[in-house]
1. Tell me, Ser65, Ser552, Ser72, Ser435 in order of fewest to most beta-carbon neighbours within 10 Å?
2. Any idea which of Phe363, Ala383, Ser243 is furthest toward the positive side of the dipole for the chain, if Lys and Arg beta-carbons carry +1 and Asp and Glu beta-carbons -1?
3. Take the cross-link list Lys179/Lys458; Lys303/Lys374; Lys22/Lys251; Lys112/Lys440 and give me the ones stretching past 32 Å between alpha-carbons.
4. If one takes the longest principal axis of the Cα atoms in the chain, at what angle in degrees, from 0 to 90 and to the nearest 10, does the Cα axis of helix 2-17 lie?
5. Among Ser324, Thr181, Gln253, which residue has its Cα furthest toward the positive end of the charge dipole of the chain, with +1 on Lys/Arg Cβ and -1 on Asp/Glu Cβ?
6. Can you list the trypsin sites (Lys or Arg not before Pro) in segment 383-438 that are in a DSSP coil and have 15 or fewer other beta carbons within 10 angstrom?
7. So which of Lys287/Lys361; Lys58/Lys521; Lys58/Lys83; Lys430/Lys503 end up more than 21 Å apart by C-alpha?
8. Evaluate the charge dipole of segment 473-561 about its Cα centre and quote only its size in Debye, nearest 20, assuming +1 on the Cβ of each Lys and Arg and -1 on the Cβ of each Asp and Glu.
Amino acid sequence: MKSYLYILLFYSSIFAQVNYPKDYFSPPLSIPMQLSGNFGELRPNHFHAGFDLKTMQKEGLEVHSVADGYVSRIKISTFGNGKTIYITHSNGYTSVYGHLQRATDSIEAFIKKTHYVEQSFEIEMYLKPGELEVKKGQIIALSGNTGASEGPHLHFEFRDNITEYIINPMLFGFDKYLKDTKKPLISSIYVYPLDNQTIVNQSKRPLLLNLVLQKNGTYLADQVIANGKIGFGISTFDYDDVSFNKNGVYKVQSFYNGTPNFGYQFDTYSFDEMRYINALIDYSRYKKTQQRIQKLFMRNPYKLSIINTDETNGVLTVVPNLASVYRIEVSDFYGNLTSVSIPIKYEVQPTIIVPEPILSKYFVKANNDSNFTKDNVSVSFPAGTFYEDFYLNFDVNNGTLFLHDDTVPVHTNFTIEIEDNKFSEAQREKLFIASIDDNKIKYNYTFRKENIFTAKVKTLGKFALILDTIPPKISIAKSIEGKWLSDKKFIQFNISDGLSGIKSYNGYLNGKWILFEYDNKTKKITHNFSDGIVDEGANELKIIVVDNLGNSTIFETRFFRSQK
């Protein structure tokens, strides 16, 4: 209990010391604020780092700087947040604007110049104070759908200038731009037997508990009858009054016989902690059902700073002669709260639902190094690769490595090494270690030394050496050969590669490098004539696309254009 109180006081003192400015920043959009995603929301392999703001299902809305400052970083990527602008403010924080269609005015001119200097679409620039200063409310960009966005919106976040921790925008007073009178919803609660001896409600597997709404607005769950170590998990989400879509909850806290037991609150955390979402959730259930159950216990403690817990790490030990009550409270930032009580009783019952069968003889301890070898394949797991101990399925058959499956989460890279005695020396130049999922091939960066191939990966599954001698494809919807394009604003091509994937693409107009913007969602590259590279009259265009194994394709055509 002393350790829990110390942790609780420690975290409370941290947040008490931070006085976030409530009226310093203004909204980045001029339309009423609506969320399509909130801070801390559960995403694949990460917690959401900020707000996703709706843009009326379209691109091109004006994006404003939320305060005076200077553009400190610009990143243009085909993945992640796509086109992103970072503005550093004098009060110690940086605002971030992602998935942009494009920047405006001097910022866009700076970006375009850098594209041509570096001769690359993907660029990252760090700027100093005084280079690109902006004022509060200044239009810095237009909203878009670039990067890994699944629809038009603005990704918006705050970071601490010193620690680079991301911070919940609600703490800066953005709660006043939304209305939320709705309680979070608890869709399901699971109870987990946590050792081989424990039986829970005649089951040695996790069980779904029924919930009954009480007259006072709280919920009562089925009684849990158990005889050992157990833990609980919860599926929960929240609605506000204006956005009409599911959001993540702000705070979850459990109590065992009235004493705080395990909880977390989404105020601030580092990017290095993002992947711990796979430890927090029941990852296996998520991969099988797409349901994210947030576990309120840690079998093997992990370093996620938002968690506060007692010395049991949320694991309950059910003992004789003690009737217990476990309570879970879920709340949003506005204090709307939903709670559920779970009565717990000690009793040894016969097992009706047996544990899942163990099909492997290989036991991996999460805190130890592990190495496995068969035939021409070896796999090395450093300590800390996994969150919990488990039985690993490992086999090599006809040159294919079967390494469990993606129902066990991986936290850090592990190493696969394959010795080749099949291909010629020339063919080895075109080999890579591929991940294979439902016959889909994914490239892993592969290092070769003679006939030994090595790759560092972060997902379990099936792997094999794949030969790639097939060049990428370049196509255009309608030929422009010999055509006049005077009325066109841009030219566009499809590029693709079916094996190792595209490493680079470059376009040249009359021998000069030109910018082609790449959209990973559509596999299209686009050049805008407004860049001013096109000549009056005849123009010779060349496009070169290279895959990750060095196979290349060249597309050449000739067209005409009048600038008058």
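1. Ser552, Ser72, Ser435, Ser65
2. Ser243
3. Values: Lys179/Lys458 40 Å; Lys303/Lys374 34 Å; Lys22/Lys251 20 Å; Lys112/Lys440 36 Å.
Where the Cα-Cα span goes over 32 Å, the pairs concerned are Lys179/Lys458; Lys303/Lys374; Lys112/Lys440.
4. 40 degrees
5. Thr181
6. Passing sites in segment 383-438 are Lys422.
7. Where the Cα-Cα span goes over 21 Å, the pairs concerned are Lys287/Lys361.
8. So the dipole magnitude of segment 473-561 works out to roughly 220 debye.
Just so you know, all these numbers are worked out from the coordinates, no wet-lab data involved. Predicted model, so just to flag it, every value in this text is computed and none were measured. No Cβ is skipped: glycine too gets one built from the backbone with ideal geometry, and neighbour counts run over all protein chains shown.
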